[in-house]
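Data block below; observations after.
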Amino acid sequence: MTKIIQSDRSQTVVVAGGAGFIGSNFIRTVIEITQWSVIVIDKLTYAGNLLNLDGLPSDRVRFVVGDVCDKELVDSIAKNADAIVNFAAESHNDRSLYAAGPFLKTNVEGTFVLIEAARRFHIRYHHVSTDEVYGDLPIETDTSFTLASPYRPSSPYSATKAAADHLVSAWVRSFGVQATTSICVNNYGPYQHIEKFIPRQITNLLTTRRPKLYGTGRNVREWLHVYDHVFGIMKILTSGQIGKSYLLSSGLGLSNIDVLRLILEIMEFPEDYFDCVIDRPGHDRRYALDSTSTKSELNWSPRYSDFRAGLKDTIQWYKENVDWWIENKRNVEEQYARREASS
Ligand code: NAD
Ligand code: TDX
């Protein structure tokens with residue numbers, strides 16, 4: 001029997017990877033707008049941070065440090081839960097180009113362990129995926145990927161994400177697992193790790209470093225505020241059709257150089273205050289998703305449609321939360337410098 005996940009009932013949701021960027025924003029929303037309790041399982045890799053969950057009520061949020069590849073641990077947590085939402089991943093393309101092992105382990109094997117638990121305990125599973133599974137689009141077009149587009153991942157990261165999506169579909173078809181998948185464009189907002197494009201450039205400017213643009217900066221990304229991603233996942237969990245994938249996007253496709261120029265303008269730096277550095281190998285040209293069917297089926301649409309305003313709030317968040325990122329900054333930039341030197 002399908003378990004219906006309702007926001008106004010007391011339910012227990014396991015959030016894998018809940019100490020990361022999107023997972024922690026998801027948990028804040030869950031606590032705010034539902035009656036659910038949350039069990040977080042997170043390995044606390046370099047990308048996980050307990051501070052991301054600061055201030056949440058301890059009677060509704062339990063934290064377990066652990067690996068999603070650890071079957072016994074996952075089973076012990078999942079057996080009394082109503083749903084698993086899986087954000088746990090190695091999530092950075094640049095890292096996957098230099099050390100792909102952890103990506104295979106967490107993104108593929110971790111998904112396997114979690115969907116097996118969902119199967120064993122007959123609970124709902126939601127899988128968090130990315131537009132990158134479709135590969136890229138030419139820059140000079142306005143086409144978008146749809147659910148009918150073939151999977152053509154380009155980087156080691158996106159190949160592992162594509163593999164995980166296929167596992168989920170196979171477990172739905174072969175074993176009737178009650179799963180859904182969301183496929184989302186690039187996110188921005190509070191608590192994003194400073195290795196990623198937008199927070200890296202903001203924190204560069206806040207520490208008198210020059211922003212770093214890969215290649216010519218013409219590559220295009222579609223940007224969705226993390227709050228809109230989280231609301232989309234809530235809609236899918238509570239009213240999505242089992243077995244389906246849903247595309248989540250904003251229509252806000254911008255070249256990297258345009259995003260950087262906006263950051264420079266908001267932070268009052270000259271528009272040419274950046275360095276062009278060596279390009280990412282295999283750098284995907286453009287991402288874009290057509291989320292028309294998600295919008296009509298789930299009555300979801302992005303609320304943060306003003307990218308400049310969202311970016312301004314995000315810059316403000318990094319200004320107000322220097323303690324959250326400052327200790328990491330030198331290390332992150334040293335790692336970038338080392339990778340650049342070795343390529
Ligand atoms: P993140 O790197 O900020 O967080 C990942 C979290 O997973 C961290 O807390 C980390 O400690 C945890 N983790 C890693 N390996 C683990 C393991 N083996 N066991 C348990 N926990 C582990 O990532 P994010 O940006 O929040 O992304 C979350 C999900 O959303 C990922 O699946 C990513 O592919 C997907 N996604 C991200 C974006 C984006 O723009 N950030 C866009 C679309 C989809
Ligand atoms: O310093 C930089 N300079 C730069 O020009 C960095 C870190 C990135 N870039 C470029 C590369 C990309 O074209 O900016 C763009 C965005 O880069 P990332 O923040 O690394 O994101 P991307 O590779 O697009 O992937 C992101 O969106 C899809 C997330 O990291 C993934 O987890 C998600 O699946």
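Summary of computed values
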item	result
Selected residue (only one of S239, S250 is in contact (Cβ under 8 Å) with a residue 60 or more places away in the chain and away from ligand 2 (no atom under 11 Å from the Cβ))	S250
Residue in the stretch 165-178 that is under 20 Å from D284 (Cα atoms), within 16 Å of ligand 1 (Cβ to nearest atom) and open to solvent by less than 10 Å² (accessible area, probe 1.4 Å) present	yes
Residue within the stretch 29-44 that is within 30 Å of E340 (Cβ to Cβ) and either aliphatic (A, V, I, L, M) or open to solvent by 50 Å² or more (accessible area, probe 1.4 Å) (or both) present	yes
Pairs, first among the β-branched types (V, I, T) in the stretch 314-343, second modelled with pLDDT of 95 or more and more than 16 Å from ligand 1 (Cβ to nearest atom), C-beta under 8 Å, six or more apart	I315/I263; I315/I266; I315/M267; V322/L206; I326/T207
Selection status of G18, under 22 Å from Q192 (Cβ atoms), touching a residue at least 60 places away in the same chain (Cβ under 8 Å), in contact with a helix residue (DSSP H, G or I) (Cβ under 9 Å, 6 or more places away or on another chain) and outside any helix (DSSP H, G or I)	yes
Residues that are within 16 Å of ligand 2 (Cβ to nearest atom), among the aliphatic types (A, V, I, L, M) and open to solvent by 40 Å² or more (accessible area, probe 1.4 Å), drawn from the stretch 68-101	L97, A99
Hits in the stretch 1-50 - residues which are within 16 Å of ligand 1 (Cβ to nearest atom) and of a type in the set (D, E)	D42
Tabulated pairs, the stretch 279-298, first closer than 25 Å to G232 by Cα, second assigned to a helix (DSSP H, G or I) and near ligand 2 (Cβ under 9 Å from one of its atoms), C-beta under 6 angstrom, 6+ apart or interchain	Y287/D131; L289/D131
Any pair with Cβ under 7 angstrom, 6 or more apart, that starts in the stretch 197-210 at a residue that is free of Cβ contacts under 8 Å to residues at least 40 places away in the same chain and ends at one that is part of a helix (DSSP H, G or I) and of a type in the set (S, T, Y)	none
Residue in the stretch 10-29 that is at pLDDT below 95, basic (K, R) and over 23 Å from T111 (Cβ atoms) present	no
Counted residues, the stretch 171-224 - those being farther than 22 Å from I22 by Cβ and within 7 Å of ligand 2 (Cβ to nearest atom)	4
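The values are calculated or read from the model by the stated rules, or taken from the named source; none is laboratory data. The model shown is predicted, which means the values in this text are computed figures rather than measured ones. All Cβ positions, glycine included, derive from the backbone under ideal geometry; neighbour counts span all protein chains shown. Side chains included, ligands, DNA and RNA excluded: accessible areas come from the protein's heavy atoms. Shrake-Rupley method; radii C 1.70, N 1.55, O 1.52, S 1.80 Å.
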